[in-house]
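Since the structure comes first, as structure tokens, the remarks are kept for the end.
Read-outs: derived from the displayed coordinates by stated rules, not from any lab. Quick caveat, the model's predicted, so the values are computed rather than measured. When we count neighbours, we look across all protein chains shown, and the Cβ atoms used for this are built from the backbone with ideal geometry, even at glycine.
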Amino acid sequence: MLHLARKEVVTELSKLDDHANKRVADLLETLALMSGANSAIVTAPSLESLIETHQLAAAAYEAAMEVEDEIETAYKAGTSYEMVFPLSIGEGRSLYLRSPDLDKAFDDCRGGIIRAYDGHIQKLAGLRRAAPDLAKTAIAKLKTSQAADIRFLKKLVANERARRDACGLNKAVNDRATASNFEDKALTAICSYRCATIEQCQAKAGYLLTVVNRQLCELPQEDVIALLQSFAPAAH
């Protein structure tokens, strides 16, 4: 059974940029005060404490998401959709600057560069037969130019990544992912909780219904499994 200790939540959510938005900082401070009352890791939290932890984690996630949206909006306002740059062979390629995944944008653009050079190399088939040495020299020059163009592409991506770091976008994205991860853990902990009374069952079901109605269309599969296991006979 998964139990999410408040101390664990505080430790992980403290990675959020509490200077980026006061709402996030206030939530983290509240969690820190809660855990300060009992520094030991809680091994068997009450249903009430699990619900309270999830509410705080959910609020931290919503605040972190708002911070990300605000920073991303400002970033996009000052960033072109794409950057077109020339290749050494006279063609051009574009880098998708606004891609949420710069690594994928780099791979896609790099693949386009390689295909462009492969096309030029294939055109040397006749020269290979007529003048193998001359073709070999030409291909070597094309390979050198291809490597130079890919190095230039790497520099463009590095510059764009630095811009995202400077405006706080990369940090905001990571903060939102961290908060989302621990909200998920907090919800799973509630689903896993074994109720001892019918009143606890009603409280647990009522809270999960509010979460589903407010945030989700349905519980994730792992939470459904955890919920069912919480009502199954305990393994001995």
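Would you kindly state how much longer the chain becomes between ALA148 and GLU70 on full extension, computed as 0.36 nm times their sequence separation minus their alpha carbon distance, in nm to one decimal? Walk me through the numbers on the way to the answer.
Working: separation 78, 0.36 × 78 = 28.08 nm, distance 3.68 nm.
24.4 nm is the gain from fully extending ALA148 to GLU70.
Distance from a point 7 Å along Cα→Cβ of ALA125 to each backbone N in the stretch 72-100: keep the residues under 19 Å and list them by number.
From the stretch 72-100, the list is empty.
Just to confirm a number: summing +1 for Lys and Arg and -1 for Asp and Glu over residues other than LEU95 whose beta-carbon lies under 15 angstrom from that of LEU95, what do you get?
That works out to +2.
What is the calculated FRET efficiency for ASN174 to GLU82, with r their C-beta to C-beta distance and R₀ = 30 Å, to the nearest 0.05?
Efficiency for this residue pair is about 0.75.
How much net charge surrounds LEU187 when only the other residues with a Cβ under 11 Å from the Cβ of LEU187 are counted, with Lys and Arg +1 and Asp and Glu -1?
So the surrounding residues net to -3.
How large is Rg/Rh for the stretch 47-204, to two decimals, with Cα atoms and a Kirkwood Rh?
With Rh from the inverse mean 1/r over Cα pairs, Rg/Rh is 1.30.
Using a Förster distance of 22 angstrom, determine the FRET efficiency expected from the C-beta separation of VAL224 and ARG194, and round it to 0.05.
0.85
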